[in-house]
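To start, the structure itself, in C-alpha cells.
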Amino acid sequence: MTKSQVKKIINKILPDLQRALHLDNWKINIEYVEIAPDDLFVGKCHRDEKRQHAVILLCYELLQTKSEVKETLLHELLHIVNAAYDVINDVIDPMLDDTEKNVFNVIRNRASEPAVLALENMLKSMGLNVKDIIALNRRSSIIMMNTMGKI
Ligand SMILES: [Zn+2]
C-alpha cells in the first residue's frame, strides 16, 4: 500500500482503538517507513513506560490490505499494553555493557512477542477483530454512563 493509504486507515482507527485498549494516557506517534532490507519488519514498537510515550514504526510497503494495517496496529498497541514489563530494562540496563544490552534485548523480545501473540489469539478466539474491539468499548462506555446516571 502507499504511505497515504496506510496513514488514512491509521488516523481513522487509532484514537478509538487506543481508547478501547485503555491507552488514553499514552502519547503514540506513528512513523511510516520504507522497507529497510537490513532490518525487515512490518511493524515495530518502541515504548517508554515512564513517560507513557510510544513510537510505532509501520513499513507501509509491506502492508497489503486494510485488515493487515489494522491487525498490525493492534499488535503494536498490545506491546504498549504490556509495557509495564519494560520496567525490567530500567533495573538491568545500567548493569550491562552494550554487547550485553543487545543480548538482553533479544531475550526480552523473544519473551514479549509470545505474550503479545497470546493476547492477540485471546481476542481472536473471542471472535473479536479491531472493529469489534472498538465497538465493544463504545457499548461498555454507554453502559457505564447509564449505570453512573442511576446512582
Ligand atoms: Zn510484536
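When the range 62-93 is limited to residues that are touching a residue at least 40 places away in the same chain (Cβ under 8 Å) and within 14 Å of the ligand (Cβ to nearest atom), the one that is surrounded by the fewest Cβ atoms within 10 Å (Cβ to Cβ) turns out to be VAL81. The criterion of at least 3 residues that are within 13 Å of the ligand (Cβ to nearest atom) and of a type outside the set (Ser, Thr, Tyr) is met by the following strands (runs of 3 or more DSSP E) wholly inside the range 20-61: 43-48, 53-59. Please tell me if ILE88 is within 26 Å of LYS27 (Cα to Cα), at pLDDT 85 or above and either part of a helix (DSSP H, G or I) or not hydrophobic (A, V, I, L, M, F, W, C) (or both). Criteria not met by ILE88.
Candidates in the range 94-107 are the residues that are surrounded by 13 or more Cβ atoms within 10 Å (Cβ to Cβ) and more than 16 Å from the ligand (Cβ to nearest atom); of these, the one that is nearest to the chain's Cα centre (by Cα) is PHE104. Note on the range 108-135: residues that are closer than 18 Å to SER67 by Cβ, away from the ligand (no atom under 12 Å from the Cβ) and assigned to a helix (DSSP H, G or I) amount to 10.
The values are calculated or read from the model by the stated rules, or taken from the named source; none is laboratory data. Keep in mind it's a predicted model, so treat the numbers as computed, not measured. Counting neighbours? That spans all protein chains shown, and the Cβs are built from the backbone with ideal geometry, glycine included.
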